[in-house]
């Protein structure tokens with residue numbers, strides 16, 4: 001291992017905490033979280049023990065997709081503060097030993113960004129080729145249904161092309177129509193992005209989480225055309241992902257970014273969000289000698305309960321979840337690195353999804369999920385409120401939702417697919433992104449201490465029982481359990497560096513594995529059920545006599561028998 005690679009290994013022992021700024025803490029009573037609110041809670045993050053703070057976008061934005069539609073890459077959204085306040089936040093984090101990484105959204109910009117405004121102004125604009133502009137299909141009237149350049153669907157519902165009357169052509173938007181895709185084939189686009197990234201690093205930020213970065217390279221024909229996608233039965237639009245996920249120049253673009261932005265800078269963290277990435281592709285992305293990124297976000301485990309019909313909830317099969325984690329643990333065992341997460345701003349609350357959020361089992365299952373995840377090999381991510389065991393929100397109707405994805409799919413499902421409102425709402429209640437975006441629950445006061453005004457999204461009514469003040473005061477809370485997990489990664493080398501071996505791959509109730517480094521071994525067993533189950537593993541008697549490092553329930557377990565939602569972690573030294 002080269003010296004430069006060795007110096008980059010600090011993030012193997014770190015835990016990243018994601019803040020969704022608009023929902024974290026509001027300091028001025030306007031109902032929207034802000035940078036001052038984050039500053040006011042830096043001691044909370046330091047007490048938890050996290051080493052990295054990841055901020056979802058805080059740049060100026062029309063907020064069509066809650067800030068993931070950026071209109072200026074080198075400033076701060078006035079709703080959140082200004083650059084002086086950001087500098088104060090950055091200094092405050094660094095003073096507490098916490099690094100800060102920005103969310104980088106450069107597959108697309110906002111349609112209100114100056115670049116796009118210039119691009120759409122004329123076919124002769126110098127920035128015309130900074131975005132994907134194409135004419136209507138041959139023989140079709142521009143602006144009519146079916147005339148779009150390809151049959152691709154948008155991630156947020158509807159077509160992936162928007163007709164623009166100014167020049168009579170269409171522009172590509174894989175997400176909202178207010179999020180036109182940047183054309184990375186154009187070197188001027190890449191140079192502008194690199195310059196912006198260097199500007200933030202020079203300001204002192206410690207790296208980037210790169211939003212859907214594996215979509216920046218598209219499959220382009222010799223004549224500049226983009227191919228049609230695969231149509232599925234009953235679908236309104238095609239899946240075009242074969243033409244834009246992991247495209248032909250992706251590795252080239254990431255390596256160029258590394259050369260132009262990251263080379264020669266120490267102590268950074270680069271994380272690539274890569275929907276649809278394979279283990280083989282991830283090995284290439286995270287091979288230190290290839291100089292692309294430090295780790296990827298893969299989605300296999302958060303798509304495990306998806307069926308072929310997006311409006312049908314599929315129960316979790318634990319064997320499938322274990323097979324996915326096991327494949328990723330094995331695939332990156334000798335090369336590259338894993339990201340570990342249950343929650344983020346795009347996922348429902350894990351305790352409601354994979355655990356049991358009933359009053360009886362919420363705390364136990366939240367602790368079990370945390371331990372199972374954090375004791376894998378990789379860098380764990382904690383999403384705000386996860387350390388409290390926050391749950392999904394009890395949505396009653398579509399009027400309770402704010403997320404553009406949920407609203408777009410709801411309209412498409414009803415208007416174009418003939419679904420019933422209750423059929424769609426059932427899925428949105430369980431899987432909708434707004435579950436993660438309800439305000440952080442700080443205390444049991446009105447609006448959970450998030451704001452003195454009216455929150456932009458309703459606070460979960462269970463905040464009177466589930467909140468940070470109560471959790472910090474309770475030694476047996478989920479918060480203090482997470483503190484211990486985070487500390488364990490720093491103090492037990494086997495957690496960060498040990499080998500991983502999956503046990504009981506065919507068991508539908510128990511998730512069990514070992515970690516080993518030198519003469520130290522850990523056994524982790526989590527019960528993903530409401531039943532009492534005995535772990536039938538080799539060497540069970542010896543493990544029962546080993547040091548019990550973690551147990552989320554009172555009492556001493558007998559012969560590796562776990563109560564509902566219990567997790568046991570044993571340690572032995574040979």
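Numbers below:
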| read-out | value |
| --- | --- |
| Cα-projected label distance for residue 572 with residue 502, points at 7 Å along beta-carbon direction, nm | 2.4 |
| Tilt relative to the chain, helix 83-95 - C-alpha long axis, 0 to 90 degrees, to 10 | 20 |
| Cα pair count fraction exceeding 18 Å, expressed as % - region 293-352 | 42 |
| In degrees, nearest ten, helix 318-331 long axis to first principal axis of the chain (Cα) | 80 |
| Linear extension gain, residue 415 paired with residue 472, 0.36 nm per residue minus alpha-carbon span | 15.8 nm |
| Contact order normalised by residue count of the chain, Cα under 8 Å, 6+ apart, percent | 13 |
| Shape category assigned to region 360-470 from the gyration tensor of Cα positions, a/c cut at 1.5 | oblate |
| For region 33-88: rounded, prolate or oblate by the Cα gyration tensor [a/c cutoff 1.5] | prolate |
| Label point 7 Å beyond Cα of residue 531 along Cβ direction - residues of region 483-522 with amide nitrogen under 18 Å | 504-512 |
| Inter-probe distance in nm under a simple model that places probes 7 Å from Cα toward Cβ, at residue 259 and residue 283 | 2.5 |
| Mean projected area in nm² (Cα convex hull; one quarter of hull surface) for region 496-573 | 5.0 |
| Alpha carbon convex hull of the chain, projected area averaged over orientations, nm² | 25.8 |
| Alpha-carbon centroids, region 206-246 and region 463-523: separation in whole Å | 37 |
| Relative packing of peptides 328-336, 366-374 - highest average C-beta neighbours within 10 Å first | 366-374, 328-336 |
| Rounded, prolate or oblate (a/c below 1.5 giving rounded, otherwise prolate when a/b exceeds b/c) for region 114-172 by Cα gyration tensor | oblate |
| Over region 5-99: Rg over Rh, Cα atoms, Kirkwood Rh | 1.00 |
| By average C-beta atoms within 10 angstrom, highest first, the peptides 381-389, 311-319 | 381-389, 311-319 |
| Virtual paramagnetic centre 7 Å along Cα→Cβ of residue 198, amide N under 13 Å, in region 54-90 | none |
| Rough spin-label spacing in nm, given labels placed 7 Å along Cα→Cβ, for residue 124 and residue 83 | 3.5 |
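No lab work stands behind these numbers, since they all come straight from the coordinates. Keep in mind that this is a model prediction, so the values were computed, not measured. Neighbour counts run over all protein chains shown; Cβ positions are idealised from the backbone, glycine included.
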